[in-house]
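Derivation of every value follows stated rules applied to the coordinates shown; laboratory data play no part. The model shown is predicted, which means the values in this text are computed figures rather than measured ones. Quick reminder, even Gly has a Cβ in these numbers, built from the backbone with ideal geometry, and neighbours come from all protein chains shown.
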Amino acid sequence: MQLVEAVKTQAEVQQITHKLTLNARGNTLYADLWNFGLQVALRITDLLTITYEEALSGRVVLKEGKTGKTRSIELNSKAQEIVKARRAAHPHHTYLFEVESNRASGKPVSRVAVAVAFKAVGDELGISLGTHSMRKTRGWLMHSAGVSIEKICRVLNHSSPAITMAYIGLTQAEIDATYHEFVI
């Protein structure tokens with residue numbers, strides 16, 4: 001399995017959104033999935049199971065596939081905007097991120113298809129981008145904004161802050177920089 005990175009700036013987040021839309025020739029499925037995933041920080045397999053019925057309530061409650069833990073996530077305003085826009089564009093769909101093909105009608109887009117779309121954009125931009133990049137990016141941007149590692153740990157549902165620090169990609173260079181930023 002390829003190690004993927006957190007996207008570390010808002011400008012890169014927007015650039016990825018733009019490229020995902022361009023590469024899909026105007027279809028916003030992957031760009032919407034990217035932006036929604038940034039808001040909820042769920043693993044891709046859990047993210048793809050979300051239905052409109054769940055999302056339109058403003059809160060997603062699910063049992064994580066990996067951990068078996070129940071998660072309850074209140075959707076922020078950006079996530080709710082994505083849900084409403086997708087519902088307006090696809091009123092007949094069951095899943096928030098459903099396939100548009102006649103062959104796979106009524107099914108969510110596959111994890112593999114998402115990985116391929118994200119990797120293609122990552123390759124274009126020189127970023128190791130994958131389906132886990134949404135979770136890592138949310139963690140990194142929260143960390144950059146001063147949110148405590150412990151709180152980020154809870155958001156990502158990690159068992160310890162040490163796992164979270166490694167997960168979001170806190171590098172030795174960034175740790176070294178603190179010795180220059182904070183001279184006492």
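Observations on the model:
- When the chain is treated as a GNM with alpha-carbon contacts under 10 Å, the residue of I168, I149, I44 showing the greatest mean-square fluctuation is I149.
- Within the chain, helix-based [θ] at 222 nm, where runs of 4 or more DSSP H residues each add -39,500 (n - 2.57), nearest 500: -16000 deg cm²/dmol
- Distance between the pseudo-spin-label points of S105 and F182 (7 Å out from Cα toward the beta carbon): 5.9 nm.
- Taking every C-alpha pair closer than 8 Å and separated by at least 6 residues, the mean separation divided by the residue count of the chain gives a relative contact order of 26 percent.
- Two-site FRET efficiency, L62 against T171, from Cβ-Cβ distance with R₀ of 25 Å, rounded to 0.05: 0.20
- In this simple spin-label model, placing a label point 7 Å from the Cα along the Cα-to-Cβ direction at both R87 and L22 gives a separation of 3.3 nm.
- Centroid-to-centroid separation of region 129-162 and region 27-78 [C-alpha atoms, Å]: 16 Å
- In a reduced charge model with +1 at each Lys and Arg Cβ and -1 at each Asp and Glu Cβ, the chain shows a dipole moment near 560 debye about its Cα centre.
- Rg and Dmax of region 28-103, based on Cα coordinates, read 11.9, 34 Å.
- Amide N proximity, region 70-114 versus E53 label position 7 Å along Cα-to-Cβ, cut-off under 13 Å: 94-96
- Between the beta carbons of N76 and V116, assuming R0 = 22 Å, the FRET efficiency works out to 0.20 to the nearest 0.05.
- Which of L56, L47, L38 has the fewest Cβ neighbours within 10 Å, and the rest in rising order: L56, L38, L47
- Fewest neighbouring Cβ atoms within 10 Å first, the residues T94, T178 line up as T178, T94.
- Intensity falloff of the chain expressed as log10 I(q)/I(0), Debye formula with alpha-carbon point scatterers, at q = 0.10, 0.12 Å⁻¹: -0.41, -0.58
- Farthest toward positive dipole pole in the chain [+1 Lys/Arg, -1 Asp/Glu at C-beta], among Q15, V116, L170: V116
- Remark: R111, R43, R138 ranked as R111, R43, R138, counting other beta-carbon atoms within 10 Å and listing the fewest first.
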